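Below is one structure, written out as structure tokens, with a few remarks after it.
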Amino acid sequence: MKRTENCIITNICLVYKDDMILVVDRKKKDWPGLTFPGGHVEKNENFNDAVIREVKEETGLKIRKPFLCGIEEFKTKDEDRYLMLYYKTDKFSGKLRSSAEGEVFWIKRADLDKYKLSLDLKRILKVMESDELSEIIYYNDNGKWRSKVV
């Protein structure tokens, strides 16, 4: 049995202050709606540096001390493993600016349901905010995609 596989590694980060959360209104067709900043981990880049870089690229903010608070995994159509690392932080500096990914802005956490959200953002946030949950797993069950939160 082969012990290695191809893996695409990405990250997403909940940046917050008091009752406000930072969101990106993504314009790309592959994952539109409100989400949190993040992106791909580059080859030979450590995970911590990658999430700091991605948040800076998408929002203009320099985050500090991102805390790993969950993961998500699934298989791509090419059968590669796709792994998303969930981070959160309330430590940041800089001036907020939008990017090619979409408009970035602060909203009240309680108002999140008033917006069009990207796929599974509520479940991602549930894991990020939980002391009991750590992972969303997607799996193929006889041709149907299912998921579970653990």
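The values are calculated or read from the model by the stated rules, or taken from the named source; none is laboratory data. Not measured: the values here are computed from a predicted model. Cβ sites come from the backbone with ideal geometry, for glycine too, and all protein chains shown count toward neighbours.
Against the numbered list (1) surrounded by fewer than 16 Cβ atoms within 10 Å (Cβ to Cβ); (2) closer than 25 Å to Val149 by Cα; (3) in contact (Cβ under 8 Å) with a residue 60 or more places away in the chain, His40 comes up short only at (3).
Yes/no matrix, rows are residues, columns are (1) surrounded by 14 or more Cβ atoms within 10 Å (Cβ to Cβ); (2) among the aromatic types (Phe, Trp, Tyr); (3) part of a helix (DSSP H, G or I):
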site	(1), (2), (3)
Arg97	no, no, no
Phe105	yes, yes, no
Leu112	yes, no, yes
Leu119	no, no, no
Arg123	yes, no, yes
Lys126	yes, no, yes
Glu132	no, no, no
Ile136	yes, no, no
Asn140	no, no, no
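Among residues belonging to region 41-85 that are at pLDDT 95 or above and β-branched (Val, Ile, Thr), point out the one that is nearest to Tyr16 (Cα to Cα). Among those residues, the one meeting the criterion is Ile63.
Just so you know, in region 119-150 the residues that are in contact with a strand residue (DSSP E or B) (Cβ under 6 Å, 6 or more places away or on another chain) and β-branched (Val, Ile, Thr) include one that is farthest from Gly33 (Cα to Cα), and it is Val150. Would you confirm whether any residue within region 67-78 is outside any strand (DSSP E or B) and on the phi > 0 side of the Ramachandran plot? Checking region 67-78: not a single residue is outside any strand (DSSP E or B) and on the phi > 0 side of the Ramachandran plot.
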